[in-house]
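Student: Pasting a structure here, questions to come.
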Amino acid sequence: MALEVLEALDSARTQWYHVTAIVIAGMGFFTDAYDLFCISTVSKLLGRLYYFDPSSSSPGKLPTSVNNFVIGVAIVGTLCGQLVFGWLGDKLGRKKVYGITLILMVLCAIASGLSFGASAKSVMGTLCFFRFWLGFGIGGDYPLSATIMSEYANKRTRGAFIAAVFAMQGVGIIFAGLVSMTLSGLFQSYYHAPTYTQNRVTSTQPESDLLWRLVLMIGAIPALLTYYWRMKMPETGRYTAIIEGNAKQAAADMARVLDIEIQAEQDKLADFNAANNYPLWSNEFFERHGRHLIGTMSSWFLLDIAFYSQNLTQKDIFPAIGLIDKDHDMSAIGEVFQTSRAMFVIALFGTFPGYWFTVFFIEKLGRYKIQLVGFFMMSFFMFVIGVKYDYLKNENKGAFAVLYGLTFFFANFGPNSTTFVLPAELFPTRVRSTCHALSAAAGKAGALVGTFGIQSLTVGGDTYKIKKAMILLAVTNLVGFFCSFLVTETKGRSLEEISGEDGRESELTPTPRDSRAPVSRTETM
């Protein structure tokens with residue numbers, strides 16, 4: 001019972017429009033990653049500026065609770081935004097709400113660099129308020145970008161295309177480090193200052209208050225540049241046909257995009273929709289897709305505990321293992337520079353390659369194998385770091401850096417990419433955006449565990465607590481490995497075959513056994 005417009009999308013040759021869609025959707029993820037992770041490069045600077053104690057032998061630090069809120073409030077916003085915009089994506093259309101998320105990201109990235117007042121309380125309050133709404137806009141990008149890309153792509157390259165969109169997150173993380181490193185390097189060359197040990201007062205340059213604001217505000221630029229092109233994208237053919245019920249418009253839109261002739265098949269569409277008209281919160285949905293939803297939510301939840309802990313606690317681990325100088329041996333801007341440089345190097349050689357290995361190998365190895373291997377290798381390397389932390393810290397810092405980088409590599413050539421791809425493929429069109437949002441929101445709940453839990457163990461740089469954190473993350477990843485058995489392989493199949501919307505029974509979507517009257521095979525699903 002496949003519709004011609006859907007078959008045309010599945011079998012379409014890869015063309016320039018697909019590349020354009022990857023770039024447009026990918027720039028959203030570039031912005032998302034930059035905005036979420038650039039805060040780690042300047043959070044210690046905020047402590048020096050607004051929590052300075054001249055009687056202390058150490059530079060000012062954000063109180064643990066304030067530090068966790070500054071770092072984590074955007075993640076809270078992201079979780080909320082995922083649920084709201086994911087649901088709206090199924091109700092109002094992918095395109096209609098796509099532009100709203102981008103406008104929100106632009107405005108709040110700029111506002112994050114502003115302050116209502118000059119006291120620590122007012123600056124942190126303003127920062128947290130706007131970073132919450134920044135995260136809210138970022139949250140909408142997750143389900144919408146994944147759903148749009150999956151519904152545009154052909155079945156041969158769909159996984160690679162969705163992974164390529166997500167891989168722009170790696171580029172965003174690199175640029176977060178690069179921009180912070182470049183700006184702090186420029187500031188440092190113009191505004192010299194002694195170390196904290198040499199002069200506690202003048203070690204924090206007044207100009208550094210402008211530095212952190214610029215770092216945060218620059219996140220608005222890439223989002224602003226892609227707004228026009230995002231608004232020019234037509235609604236996906238699957239949404240127009242299956243949810244809006246307008247086969248003629250779907251055929252016209254996709255014929256223009258793919259440059260081919262497509263029949264509307266309005267009568268056939270009515271039969272297609274009648275066979276798939278069940279809501280998300282129904283027994284039929286959970287009989288068909290409940291196992292997969294539990295699998296995508298649980299694996300993403302467990303992955304993000306480790307992934308966000310890794311990225312957001314780097315600033316605490318680097319000085320503890322000697323990759324950067326101790327804070328009292330640096331000026332305020334010098335600390336931003338060294339922290340950003342270390343983040344940039346780890347991202348460039350550990351984080352970035354993993355994303356693109358996934359892009360190149362996902363259609364060969366499949367999503368399932370990549371996720372299993374990634375979880376297992378992350379668990380192994382984190383366990384080694386935790387058990388051998390004292391030795392690595394004191395006697396073999398190079399090995400520590402390699403092992404730490406490998407955890408990033410296998411996160412991204414592993415579950416950090418596949419947990420984004422699978423929810424965009426496993427679920428029916430009517431609830432695809434919502435199910436992706438539920439899975440992504442579970443991930444952000446895990447990120448909050450990492451932000452407010454794991455980060456509390458690392459923020460003081462205590463050796464015993466960092467060892468404990470790494471071993472906890474190793475166990476978390478091992479549990480994620482076993483939860484991955486709840487999902488299944490999707491490569492090479494059409495979205496309708498995977499979800500059962502085309503009426504074919506498969507091991508992916510078993511026909512629910514209930515008391516309804518018998519129907520023909522083509523009407524079962």
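Student: How much length is gained if the chain between SER282 and THR157 is pulled fully straight, taking 0.36 nm per residue apart and subtracting their Cα-Cα distance, in nm to one decimal? Provide the component values of the computation, followed by the final result.
Tutor: Numbers: separation 125, 0.36 × 125 = 45.00 nm, distance 3.20 nm.
Result: 41.8 nm gained on full extension.
Student: Ranked by accessible surface with a 1.4 Å probe, highest first, in what order do THR20, THR296 come? Show your work: numbers first, answer last.
Tutor: Numbers: THR20 40, THR296 5 Å².
Descending order: THR20, THR296.
Student: Can you compute the equivalent ellipsoid semi-axes for region 4-489, i.e. the square root of 5 times each eigenvalue of the Cα gyration tensor, sorted largest first and rounded to whole Å?
Tutor: Values: eigenvalues 342, 118, 67 Å².
Over the Cα atoms of region 4-489, the ellipsoid semi-axes are 41, 24, 18 Å.
Student: Please list 187-198, 144-155, 213-224, 396-407 highest first by mean number of surrounding beta-carbon atoms within 10 Å per residue.
Tutor: Details: 187-198: 16.2, 144-155: 25.9, 213-224: 20.8, 396-407: 17.7.
Taking the mean over residues of other Cβ atoms within 10 Å, the ranking is 144-155, 213-224, 396-407, 187-198.
Student: Report, in whole Å, the centroid distance computed from the Cα atoms of region 92-108 and region 360-406.
Tutor: Region 92-108 and region 360-406 have Cα centres spaced 36 Å from each other.
Student: How far is it, in nm, from the label point at PHE482 to the one at GLN198 when both lie 7 Å from their Cα along the line to the Cβ?
Tutor: 5.5 nm
Student: How would you rank 442-452, 133-143, highest first, on the average number of other Cβ atoms within 10 Å across their residues? Write down the numbers at each step before the final one.
Tutor: Numbers: 442-452: 24.0, 133-143: 28.3.
Per-residue mean Cβ counts within 10 Å order the peptides as 133-143, 442-452.
Student: What is the helix-to-structure angle for 208-217, meaning the angle in degrees between its Cα long axis and the longest Cα principal axis of the chain, kept from 0 to 90 and rounded to the nearest 10?
Tutor: 0 degrees
Student: Using a simple spin-label model with points 7 Å from Cα along the Cα→Cβ vector, what separation in nm is obtained for TYR190 and GLU207?
Tutor: 0.5 nm
Student: With a probe of 1.4 Å, find how much accessible area region 4-489 has per residue, and write the answer as a whole number in Å². Spell out each step's value before the answer.
Tutor: On the way: 17300 Å² over 486 residues.
Accessible surface, normalised per residue, equals 36 Å².
Student: While we're looking at this one, here's another question. Once the Cα atoms of helix 397-412 and of the chain are each reduced to a long axis, what angle between those two axes, in degrees from 0 to 90 to the nearest 10, is obtained?
Tutor: The two axes meet at around 20 degrees.
Student: Can you pull the accessible area of HIS328 for me, 1.4 Å probe, Å² to the nearest 10?
Tutor: For HIS328, the solvent-accessible surface is approximately 60 Å².
Student: Accessible area of GLU7, 1.4 Å probe, to the nearest 10 Å²?
Tutor: 100 Å²
Student: Can I ask one more? Can you give me the % of accessible surface on the chain that is carbon or sulfur? Probe 1.4 Å, all protein chains present, nothing else counted.
Tutor: Values: 12730 of 19360 Å².
Ligands and nucleic acids excluded, carbon and sulfur reach 66 percent.
Student: Between 0 and 90 degrees, rounded to the nearest ten: what's the tilt of helix 220-232 against the longest Cα principal axis of the chain?
Tutor: Approximately 10 degrees, to the nearest ten.
The values are calculated or read from the model by the stated rules, or taken from the named source; none is laboratory data. All values derive from a computational prediction rather than experimental measurement. No Cβ is skipped: glycine too gets one built from the backbone with ideal geometry, and neighbour counts run over all protein chains shown. Side chains are part of the model used for accessible areas, which takes the heavy atoms of the whole protein and leaves out ligands, DNA and RNA. Shrake-Rupley method; radii C 1.70, N 1.55, O 1.52, S 1.80 Å.
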